[in-house]
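Have a look at the structure below before the remarks.
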Amino acid sequence: MSGFRIIVYGIILTVAWHTAAAQPATGRVQIDGGFWQPNSGMVEGFTDESLAQEVEYFGDLGMETIILHYAGRWDESRDSYVSYWPNSVFPMAEGFEGRDPLGAVVDAAEKRGLKVVIGGLLMPRPRWEGWEENIAVWTSREAMDFRREILQRYADRSVVVGWYTPNEYNPYRLAANECDPEMAIEATRR
């Protein structure tokens, strides 16, 4: 017999199947993690304090892990990456200047006893166009410096249990040989 585990935050819903033996003895569904995209549309109007309160709600729901999909994303209007944490490489995303939303989430998770997986940078531009140029930007010295800086910032924090590489290549383009799968693999290894 199969049970299921629901991983939820906002509009994102993932259902992962596992054996019924892994279900809590109560027979209730256990919510154990959340996948969080920090773009301004998802957290617009949130202060760092209210983001920390959201982490409290996650804990109240029984979640154990927060996966922050990315710490920076491509901003078409700036033709550059923007960040969700203060750093020396990329500017803060609009509406996040002078703040540290990522730090607020990590601090609150640590206080609550939750785990955090931090994601790096999304692929720039529409990821299915300009394949080679996107790889060059995604693996540029600036992008790598951004990743190094975030890894160094959280290297000694036991609350941070993993790194997520949100490369998100368009799988249809890989399968159709419209981009180079080896290039994708090598770029991810960098």
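The values are calculated or read from the model by the stated rules, or taken from the named source; none is laboratory data. Just so it is clear, the structure is predicted and the values come from calculations on it, not from any experiment. A quick note on method: Cβ atoms are made from the backbone with ideal geometry, for glycine too, and the neighbour counts reach across all protein chains shown. The area values use the complete protein model at the heavy-atom level, side chains included, leaving out ligands, DNA and RNA. Shrake-Rupley method; radii C 1.70, N 1.55, O 1.52, S 1.80 Å.
Observations
- Taking the criterion of being open to solvent by less than 10 Å² (accessible area, probe 1.4 Å) and in contact (Cβ under 8 Å) with a residue 24 or more places away in the chain, the residues of segment 71-95 that qualify are 71, 72, 81, 83, 84, 85, 93.
- The one condition in (1) at pLDDT 90 or above; (2) open to solvent by 60 Å² or more (accessible area, probe 1.4 Å); (3) in a loop (DSSP other than H, G, I, E, B) that residue 49 fails to fulfil: (3)
- Of all positions in segment 155-172, none carries a residue that is acidic (Asp, Glu), closer than 27 Å to residue 55 by Cβ, within 17 Å of the chain's Cα centre (by Cα) and modelled with pLDDT of 90 or more.
- Positions within segment 109-119 being open to solvent by less than 10 Å² (accessible area, probe 1.4 Å) and under 17 Å from residue 50 (Cα atoms), in sequence order: 109
- Checked against (1) of a type in the set (A, V, I, L, M, F, W, C); (2) modelled with pLDDT under 90; (3) out of contact with any strand residue (DSSP E or B) (no Cβ under 7 Å at 6 or more places or on another chain); (4) open to solvent by less than 80 Å² (accessible area, probe 1.4 Å), residue 175 passes all but condition (4).
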